[in-house]
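The values are calculated or read from the model by the stated rules, or taken from the named source; none is laboratory data. Bear in mind that the values here come from a model prediction, so they are computed numbers and not experimental data. Cβ: placed from backbone, ideal geometry, glycine included. Neighbour counts: every protein chain shown.
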Amino acid sequence: KHHIVFLKTHKTGSSTFQNILFRLGEKEGLVFAFPARSFQFSYPSNFSKKSVKELPENATEFDIICSHMRLDVEEVKKVMPMDSVYLTILRDPVESFESVFVYYGSYVPAFKLASEFPDPLTAFLEKPDLYYNSTMLSNSIAKNPMAYDLGLRAHDSDGPSLQELQKIEKTFSLVMITEYFDESLILAKELLGLNLEDIIYLKLNARQKEDVVSISKDQAAKIRTWNLLDVALYNHFRKKLQNKIEHYGTQRMEQEVRTLRGLIAEVTQQCIQDKAVKPEQLEEKLRPWQPNTVSIFGYNLKGNLTQVEYDKCLRLAWPELQYHSFLYNKQYRKSM
Ligand SMILES: Nc1ncnc2c1ncn2[C@@H]1O[C@H](COP(=O)(O)OS(=O)(=O)O)[C@@H](OP(=O)(O)O)[C@H]1O
């Protein structure tokens, strides 16, 4: 029986991987550790056992946890079985910071202050310390967002200590890398003993292209300086993943990735009417949550699916909040 802890980092492709885990959990009847309130574990505060909904009737343990949290390993251990496999995902900090900046532009005070300028990202990067007050909890994600989610001292300006890196290495069996998403999935499949069918996915939570800010070399350098800890983490674990791919066998990996992509093309053909659909053209059931500054794409399903096909296709395209609510309702036999 699987026992899985997935640390869902922000703006890294984590919803796509979470969807794979939602489907796995549903298929295997795993017990999810859900937040007691809402969809996150008291984020941006540290994870706490108190923020977890109690076990459902007749269950003796939780099997899987995969909602947003700020990691506190000792607290997670109070909730999850000792033999749980820990996974997480990191994305190129230039890409992930740009995504965080735009997505949370009107929610995070540091970003909101810069939003009054015609080019908010340039204004912010020019003098980030002018906008960033590290004592405000609501600014948590404004600097080194991935390190913050991992529970590190993200507001500092230096890199991680060897001790911090060693702790992450000791905790996580696999740190996936968004730029090697499919390769990471193959490694996750091996680690968890899954089939290729289990890791078929549709890319979720993508912004419409007009909302993606194209980053100049100068801006990229400034993003890296501001997010030094994320850069160090990313570089370290990217290298590690590359080594794992080599160890797995580069050709064997290429073959598996090709097969996976073929399977993805098949289900896309079977399930999807339109890709990259704007929110206003999506029915509510398939509309991802929308921040007020950007549009997040979704999928329209084909109209002529049998019930069995519809159930399968829906789950692939189901945005996080809708699928989460469905699983919660099923597990507790009552709505959230
Ligand atoms: N498979 C795959 N490969 C590469 N990139 C991917 C993938 N799946 C999702 N994405 C991109 O990840 C961004 C969304 O990340 P999250 O789902 O982690 O966001 S959230 O924090 O849960 O809101 C979002 O990035 P932006 O479009 O740049 O905002 C998605 O496009």
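Details
- Just one of the numbered conditions (1) polar (S, T, N, Q); (2) under 30 Å from A59 (Cβ atoms); (3) away from the ligand (no atom under 16 Å from the Cβ) is not true of Q322: (3).
- Residue that is farthest from the ligand (Cβ to nearest atom) [pool: residues in the stretch 14-35 that are out of contact with any strand residue (DSSP E or B) (no Cβ under 6 Å at 6 or more places or on another chain) and among the small types (G, A, S)]: G29
Results for (1) more than 21 Å from F124 (Cβ to Cβ); (2) at pLDDT 95 or above; (3) not in a helix (DSSP H, G or I), shown as yes or no for each residue.
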| residue | (1), (2), (3) |
| --- | --- |
| M146 | no, yes, no |
| A154 | no, no, yes |
| G159 | yes, no, yes |
| L165 | yes, no, no |
| D182 | yes, yes, no |
| L191 | yes, yes, no |
| L194 | yes, yes, yes |
| K222 | no, yes, no |
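- Scanning the stretch 167-177 for residues that are assigned to a helix (DSSP H, G or I), modelled with pLDDT of 95 or more and surrounded by 13 or more Cβ atoms within 10 Å (Cβ to Cβ) returns I168, E169, T171.
- Filter result for L125 (away from the ligand (no atom under 16 Å from the Cβ), closer than 30 Å to Y180 by Cβ and more than 22 Å from the chain's Cα centre (by Cα)): yes
- Residues that are surrounded by 15 or more Cβ atoms within 10 Å (Cβ to Cβ) and in a loop (DSSP other than H, G, I, E, B), drawn from the stretch 104-133: Y104, G105, V108, S115, Y132
Residue-wise test of (1) within 16 Å of the ligand (Cβ to nearest atom); (2) surrounded by fewer than 18 Cβ atoms within 10 Å (Cβ to Cβ); (3) outside any loop (DSSP other than H, G, I, E, B).
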| residue | (1), (2), (3) |
| --- | --- |
| K285 | no, yes, yes |
| Q290 | yes, yes, no |
| N304 | no, yes, no |
| V308 | no, yes, yes |
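- Residues in the stretch 239-278 that are buried (at least 17 other Cβ atoms within 10 Å of the Cβ) and in contact with a strand residue (DSSP E or B) (Cβ under 7 Å, 6 or more places away or on another chain): L241, C271, I272, V277.
- Pairs with Cβ under 8 Å, 6+ apart, first in the stretch 212-227 and farther than 20 Å from A147 by Cβ, second of a type in the set (F, W, Y) and within 16 Å of the ligand (Cβ to nearest atom): V213/F101
- For the stretch 128-154, taking the residues that are within 24 Å of the chain's Cα centre (by Cα) and charged (D, E, K, R), the one that is farthest from S214 (Cα to Cα) is identified as R153.
- With respect to being surrounded by 23 or more Cβ atoms within 10 Å (Cβ to Cβ), of a type in the set (A, V, I, L, M) and closer than 15 Å to Y234 by Cα, A147 fits the description.
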